[in-house]
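Participant: The structure's right below; bear with me while I get my questions together.
The numbers here are math on the coordinates, done by the rules we state, and not lab data. Please read these numbers as outputs of a predicted model, since none were measured by experiment. Glycine gets a Cβ as well: all are built from the backbone with ideal geometry, and neighbour counts include every protein chain shown.
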Amino acid sequence: MNTDENDEFKQETWPKKCGCGAVHSEEQWENLSYVGIQHSGLDDFPDLEMRNCTCGTTMAIVVPTDFV
């Protein structure tokens, strides 16, 4: 399942918009409350970093492949 159509799920776009209407830049993301990493366990899908919006909603971004 390693196709080009799945590449869109492996890249992040900024800013991130929550359902509450709050908009977070990449820099603001770092200041949101950290929840954790959700490991996909699949080769074709990336892990996700989760943080809570200021409203309490949990949002996620793709963990970059070069993350250390």
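Participant: Under 5 Å between amide hydrogens, which residues at least 5 positions from residue 63 or on another chain qualify, with H placed 1.01 Å from N in the peptide plane?
Facilitator: The list, which skips near neighbours in sequence, is 47, 48, 49.
Participant: Once R0 is set to 22 Å, what does the formula 1/(1 + (r/R0)^6) return for the Cβ-Cβ distance between residue 54 and residue 12, expressed as a FRET efficiency to the nearest 0.05?
Facilitator: Efficiency at R0 = 22 Å is approximately 0.70.
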